[in-house]
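S.K.: What follows is a single structure, and I will ask about it in a moment.
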Amino acid sequence: MSSSILLPYQERWMKDKASVKICEKSRRVGLTWAEAADAAVTAGSQKGLDVYYIGYSEDIAREFVRDVIEWSGHFQLVADAMQEVYLENIRAFQVGYASGFRVVALSSRPTNLRGRQGRVIIDEAAFHPDLPGLIKAAMAFLMWGGQVRIISTHNGIENYFYELVEDCRQGKKPYSLHRITLDEALADGLFKRICLKTKQKYSKKNEEA
C-alpha cells in the first residue's frame, strides 16, 4: 500500500500480522481509519476472514462501515452497499464481499461474539462497559486462527485497558503493543495530512499551535 495514502505509524500497524495487537493512542490520529482499510482487504480476499467491529456507539459503527466501503472502492474490491441487519436479534451494520466474507459492526455485549469466528476489532476499548468480558469472548476467536485488535485512548489508570497495556509492557502478556502519541503522529506527518484534507496551507507554526 502506498505511503502517500497511509502515514508511517498507520503502515506499521497494518504490517504487524500478530494474532493479537493492542494500540494505546492519542485521539483522532486515524488508526481506526487504517484499520478499516485492513478490514476491507481482509474481508475482500478469497483467503480472508469475516471481520467484526465493536464500537462504543451506533454512530461510530456506521462510520467504520462507511470507511470500509470507501477503502473497498480504492482497492477495487467488489462490495455491497452498507446494510442494516439483525444477527440473532442483534442489530448490526455490514458490508458483504464477492469473496463470501463480510465486515460487521456490532454492539459491545460480550455475548454478541459467541459462535462467530474471524477478526475482532475492539475500538476505544477503555470506554466499553464490560471490557474484561468482551476481551475474553474475543480471545476465543484465536482457537480457529482468528485475530484480535484492541485499540483505545486511555480512560484513567483504574481502567482494564490500562492494566492490559501495562501487562504487555512488562512482558506479562504476549501481545503486540503499539503506542501512538500526538507528538509521534505529528512527526509522522499527521498535521500535513490534516492540511491536505481540509485545504489549509501547512506551516510549522500552525502545527506547533
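The values are calculated or read from the model by the stated rules, or taken from the named source; none is laboratory data. Note that the structure is predicted; figures quoted are calculated from it, not measured. When we count neighbours, we look across all protein chains shown, and the Cβ atoms used for this are built from the backbone with ideal geometry, even at glycine. These area figures cover heavy atoms from the full protein model, side chains too; ligands, DNA and RNA do not enter into them. Shrake-Rupley method; radii C 1.70, N 1.55, O 1.52, S 1.80 Å.
S.K.: Can you give the % of DSSP beta bridges in the chain that are antiparallel, to the nearest 5?
M.R.: Around 30 percent of the beta bridges assigned by DSSP in the chain are antiparallel ones.
S.K.: Something else now. Using a 1.4 Å probe on the protein heavy atoms, what percent of the accessible area of the chain belongs to carbon and sulfur?
M.R.: 50 percent
S.K.: Additional query: Out of the trypsin sites (Lys or Arg not before Pro) in the stretch 126-202, which ones are loop residues according to DSSP with at most 11 other C-beta atoms within 10 Å?
M.R.: Counting only loop positions with at most 11 other Cβ atoms within 10 Å, the trypsin sites (Lys or Arg not before Pro) in the stretch 126-202 are LYS172, LYS199, LYS201.
S.K.: In percent, what relative contact order does the stretch 132-209 have, based on Cα pairs under 8 Å that are 6 or more apart in sequence?
M.R.: The normalised contact order for the stretch 132-209 reaches 12 percent.
S.K.: While we're looking at this one, here's another question. Provide HIS154, HIS128, HIS74, HIS178 ordered by accessible surface of protein heavy atoms (probe 1.4 Å), highest first.
M.R.: Ranked from most to least accessible, the order is HIS74, HIS154, HIS178, HIS128.
S.K.: Let me ask something additional. Would you mind getting me the FRET efficiency between ALA187 and LEU142? Use the beta-carbon distance for r and R0 = 35 Å, nearest 0.05.
M.R.: 0.55
S.K.: Percent relative contact order of the stretch 57-209, based on C-alpha pairs within less than 8 angstrom and at least six residues apart?
M.R.: Once normalised by length, the contact order is 13 percent.
S.K.: Separate question: How big, on average over all directions, is the shadow cast by the Cα convex hull of the chain, in nm²?
M.R.: 12.2 nm²
S.K.: Count neighbours as other Cβ atoms within 10 Å of each site's Cβ, and list the trypsin sites (Lys or Arg not before Pro) in the stretch 36-117 that are DSSP loop with at most 12 such neighbours.
M.R.: When the trypsin sites (Lys or Arg not before Pro) of the stretch 36-117 are filtered for loop state and at most 12 Cβ neighbours within 10 Å, LYS47, ARG114 remain.
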